[in-house]
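Some notes on the structure that comes next.
The values are calculated or read from the model by the stated rules, or taken from the named source; none is laboratory data. Quantities reported herein were computed from a predicted structural model and do not represent experimental measurements. Note that each Cβ is placed from the backbone with ideal geometry, even for glycine, and that neighbours are counted across all protein chains shown.
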């Protein structure tokens, strides 16, 4: 379907002698792009703001470099990033972040035919934020949206814990503790650090009957625009199916996480950082 474009043109010219013309022009471009979620070409921007094409390119490229504008490499359309909104509020709310990442959870479920999960790091805790179930897969019934326990035992949690600064990891484990859920649960902080180092080396995390008997999970980290940990994505499956298919499933989980990270980069999202 063709994009319906409003009949909109924006012109901002200095009204004061101490105004900076280039800043006002850049703001006029940002205001214009806000009305066109799918984007505009440089020529369309030039026409609508009443600027020479070369001047428009200079301004667009400056906004692109600063992260306030995104250029689609395939369509060559320029559109607003979400950086302005996130800057205004500090970071996106968890609800906003879940809304942007949930399509990747659906895609992972469809690619693997296993139940898929999303957890969010809110700067203080790791919270299960989305579940997309599969009729063919195991459903970990104890896991519901809002669940925040046992992250040291789950692939979802370990995919986030592995990338926290050491100070934050220590504080998290001190506050949350490391209770045993099965005989396979790691309850030693030093041993967990070795496990998390392995997660960073491989780029994915595993839960081999550490949270529930006969249930295995494969997880991977999701990073923000500054390559800081923001969330994680994972699937769960019975041990027998994991033993048979995990080599084929791991790349699919990692691909879903990479796609979700690209989404956050396009949005200009910055993960929450709080002081303990």
Looking at region 36-45, is at least one residue at pLDDT 90 or above, in a loop (DSSP other than H, G, I, E, B), touching a helix residue (DSSP H, G or I) at 6+ places or on another chain (Cβ under 7 Å) and under 16 Å from residue 24 (Cα atoms)?
-> no
Considering region 256-271 alone, what residues qualify as being surrounded by fewer than 18 Cβ atoms within 10 Å (Cβ to Cβ) and in contact (Cβ under 8 Å) with a residue 40 or more places away in the chain?
-> 259, 263, 265, 266
With respect to the numbered conditions (1) touching a strand residue (DSSP E or B) at 6+ places or on another chain (Cβ under 9 Å); (2) farther than 16 Å from residue 107 by Cα; (3) buried (at least 16 other Cβ atoms within 10 Å of the Cβ), which one is the sole condition not fulfilled by residue 234?
-> (2)
Of the conditions (1) surrounded by 14 or more Cβ atoms within 10 Å (Cβ to Cβ); (2) at pLDDT 80 or above; (3) under 20 Å from the mean Cα position of the chain (by Cα), the single one that residue 94 does not satisfy is (2)
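Any residue at all in region 189-200 that's within 26 Å of residue 133 (Cβ to Cβ) and touching a residue at least 24 places away in the same chain (Cβ under 8 Å)?
Taking region 189-200 as the starting set, the residues that turn out to be within 26 Å of residue 133 (Cβ to Cβ) are 199.
Okay, now just the ones that are also touching a residue at least 24 places away in the same chain (Cβ under 8 Å), so 199.
Taking every residue of region 189-200 in turn, at least one turns out to be within 26 Å of residue 133 (Cβ to Cβ) and touching a residue at least 24 places away in the same chain (Cβ under 8 Å).
For (1) in contact with a strand residue (DSSP E or B) (Cβ under 7 Å, 6 or more places away or on another chain); (2) loosely packed, with under 13 Cβ neighbours inside 10 Å; (3) modelled with pLDDT of 80 or more, each residue gets a yes or a no:
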site	(1), (2), (3)
19	no, yes, no
22	no, yes, yes
47	no, no, yes
66	no, yes, yes
79	yes, no, yes
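Is there a residue in region 107-120 that is closer than 27 Å to residue 156 by Cβ, assigned to a loop (DSSP other than H, G, I, E, B) and modelled with pLDDT of 90 or more?
Yes, region 107-120 has at least one match.
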Which is farther than 20 Å from residue 255 by Cβ, without any contact (Cβ under 8 Å) to a residue 12 or more places away in the chain and in the same structural domain as residue 244 (by TED's automatic domain parsing), of 150, 177, 157?
-> 177
Of everything in region 209-231 that's over 25 Å from the mean Cα position of the chain (by Cα) and surrounded by fewer than 24 Cβ atoms within 10 Å (Cβ to Cβ), which residue is farthest from residue 153 (Cα to Cα)?
-> 214
Which listed residue is at pLDDT 85 or above and either within 19 Å of the chain's Cα centre (by Cα) or farther than 30 Å from residue 247 by Cβ (or both), from 74, 31 | 31
